[in-house]
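Single-structure report; data block below.
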Amino acid sequence: MSNETSRREFLGTLAAVSLFPFEQEKPDLILHNANIFTVNSKEPRAQAVAIARDRFFAVGSNADVLNLAGAGVRKLDLGGKTVLPGFIDAHSHPAAAGLSHLRMVDCDLRSISAILAAMRERAAKTPGGDWVLGFKYDDTKTDDGRPLSIGDLDAAIPDHPVHIQHRGGHTVYANSLAFRKAGIDDKTPDPPGGQIAHDPATGKLTGRVAESAQAFFNKVIPENFTRDDHREGVKLISKMLAKTGITSATEAQGSPEDLRAYQDARDSGDLLYRAYCFINFHYLDAMIEAGVRTGLGDEWVRVGAVKLVCDGSISERTARLSKPYEGSPNDFGILVMTEDELYTHGRKAHLAGWQIGTHANGDVGIDTTIRVYERLQKESPRTDPRFRLEHCTVVNDDLIARIKALGAIPTPFSTYVYYHGEKMRYYGAERLNHMFALRSFLDAGIRATQASDYPPGEFIPMMALQSEVTRTDRKGTVWGPKQKITVEEAIRVGTINGAYASYEENLKGSIEAGKLADLVVLARDPLKENPSTLVNIPVERTMAGGRWTFES
Ligand SMILES: [Zn+2]
């Protein structure tokens, strides 16, 4: 505190002589005796950094930086530990996940019986007739070899409507009471862009619904979150992300509530990562009318791209593919929006100066989305639109050439090969060489990012590095070895490329003087680590804007 005061006084005396107090200031903190990988090609390695307020003040050798230390400067000897720029998760759903962690049962469990037990426990504490909600269920991660059924849920929890989201977010599982409340019976037809699953033998509901059919439930599940709940959700997830070295994240499906929650959490000191808050296209008209566009905000909370969705999901096998899923010759996945709809919303956003981020996973979905972007640029060229392809999972040479020509940004899943290895067989070995295609992107000069898509994927940056470098799952199976990248490349993908994706490459993403003081201190050097143990490297500290957001 005394340091604060003296600095303010110091600044006060300078105010009269300079419009650029930052250049005149002395550092508050010096981190020295560190192994710093800066991601700044002009000065790739350093031993020490000086920090003034929320920015890097100087980067260099121990001697040079310590030389700047005046009276009252705090010094921290990092004992040779490795320092990287803070990680940027370029596509995730942290605000929504935070709320889910507050309110729902975490169903990331390894058997149906364990999931039912957890849901039953919650039901016992819930008044009869009220909803019991679960999330992060994964049909491929239980030992049972079959998905949850309506019968399982009816037997375990008969007196409450039960609704469990798949961790992918594109399918849900419900009991009979929930289906009745949602107005769905055996005869209800599939809505456009959605599926209500039936037992092929009996025609009865199986308990699973997919994509737009989830709306039946969303209409009847009470959304009784208070403004405070939203802020608490951001607070909770902030701590989870900071612990892993994340200092920035894109909120990939943002609503006005999310935007408000981020501002509330920033103002109360609870926001520990910088949020680039996408806005769901449903709110685009209202946002444009209010004069809002991409980039509005500050270094902590900024309005991001408008979010459109072209096709389904990889983890739940609804992405729209040109060749069918392995073992399901008639299953090509789902297109959620038509090309016309994407164009209509996209045009409105493009003309109003918004960045566009379209969810596109399968090669057909990506082709459709790129065609829309190409048309927008042809009809109304903008100098630097930075079109984003959210996920951009299954690609080919033609798509890569068009992504490069457009200057578009893919945000492929970073941890899927490692964490979701059991799902890779649905795509087959050959197709995997064209999925999460970082090698192809980087070779073509495309600035792809690190992206977890949490909750669907795990957000741990060290897991992302391992997954991208080894292309190996937890059981040791290699998927798509042609797409391996180096550790150094993976670090750039997870830092400076993420900054570029939000137009902030001059503000963050590397450790250089003048940039925001966002960094992570690791217990071991990932560049010297055995690639198959990268995930085990402990994060010791995380800093965002000169403040420690996590200390082990
Ligand atoms: Zn997403």
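The values are calculated or read from the model by the stated rules, or taken from the named source; none is laboratory data. Nothing here was measured: the structure is a model prediction, and the numbers come from that model. Note that we place each Cβ from the backbone using ideal geometry, even for glycine, and neighbour counts take in every protein chain shown. Calculation scope for accessible area: heavy atoms of the full protein, side chains included, ligands and nucleic acids excluded. Shrake-Rupley method; radii C 1.70, N 1.55, O 1.52, S 1.80 Å.
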TODO: Please specify each residue of segment 109-138 satisfying the condition of being over 21 Å from GLU458 (Cα atoms), of a type in the set (D, E, K, R) and either part of a loop (DSSP other than H, G, I, E, B) or in contact with a Ser or Thr (Cβ under 9 Å, 6 or more places away or on another chain) (or both).
DONE: LYS125, ASP130
Task: Of the criteria (1) part of a helix (DSSP H, G or I); (2) of a type outside the set (A, V, I, L, M); (3) at pLDDT below 95, which one ASP264 fails - done: (3)
- [ ] Search segment 79-107 for residues being assigned to a strand (DSSP E or B) and within 16 Å of the ligand (Cβ to nearest atom), and hand back the single one that is farthest from the chain's Cα centre (by Cα).
- [x] ILE88
TODO: Look at segment 492-547 and say how many of its residues are hydroxyl-bearing (Ser, Thr, Tyr) and over 17 Å from ILE460 (Cα atoms).
DONE: 4
Open item on the list: Let me confirm something: among GLY245, GLY291, GLY254, GLY297, which residue is without any contact (Cβ under 8 Å) to a residue 24 or more places away in the chain and under 27 Å from PRO85 (Cβ atoms)?
Closed with: GLY297
TODO: Evaluate segment 276-287: report whether one residue or more is farther than 18 Å from GLY168 by Cα, within 22 Å of the chain's Cα centre (by Cα) and among the acidic types (Asp, Glu).
DONE: no
- [ ] Please list, ordered by first then second residue, the pairs with beta carbon atoms under 6 Å, 6 or more apart or interchain, first in segment 524-552 and closer than 15 Å to SER467 by Cα, second part of a strand (DSSP E or B) and not aromatic (Phe, Trp, Tyr).
- [x] ILE537/LEU522
Open item on the list: Can you name every one of the helices (runs of 4 or more DSSP H) wholly within segment 436-552 that holds 3 or more residues which are more than 18 Å from the chain's Cα centre (by Cα)?
Closed with: 438-443, 487-493
Task: Residue ranges of strands (runs of 3 or more DSSP E) in segment 297-399 with at least 1 members within 19 Å of the chain's Cα centre (by Cα) and more than 16 Å from the ligand (Cβ to nearest atom) - done: 301-309
Task: Selected residue (criterion: farthest from ILE491 (Cα to Cα)) from residues of segment 247-265 that are within 14 Å of the ligand (Cβ to nearest atom) and crowded, with 21+ Cβ neighbours inside 10 Å - done: ASP258
Open item on the list: Being out of contact with any helix residue (DSSP H, G or I) (no Cβ under 7 Å at 6 or more places or on another chain) and either within 16 Å of the ligand (Cβ to nearest atom) or open to solvent by 20 Å² or more (accessible area, probe 1.4 Å) (or both) is the filter here; which residues of segment 266-287 pass it?
Closed with: ARG266, ASP267, GLY269, TYR276, PHE278, ASN280, HIS282, ASP285, ALA286, MET287
Open item on the list: Criterion first (within 22 Å of ALA286 (Cβ to Cβ), open to solvent by less than 10 Å² (accessible area, probe 1.4 Å) and in contact with a helix residue (DSSP H, G or I) (Cβ under 6 Å, 6 or more places away or on another chain)) does HIS345 satisfy it?
Closed with: no
Open item on the list: Given the criteria β-branched (Val, Ile, Thr), away from the ligand (no atom under 16 Å from the Cβ) and in a loop (DSSP other than H, G, I, E, B), does THR188 qualify?
Closed with: yes
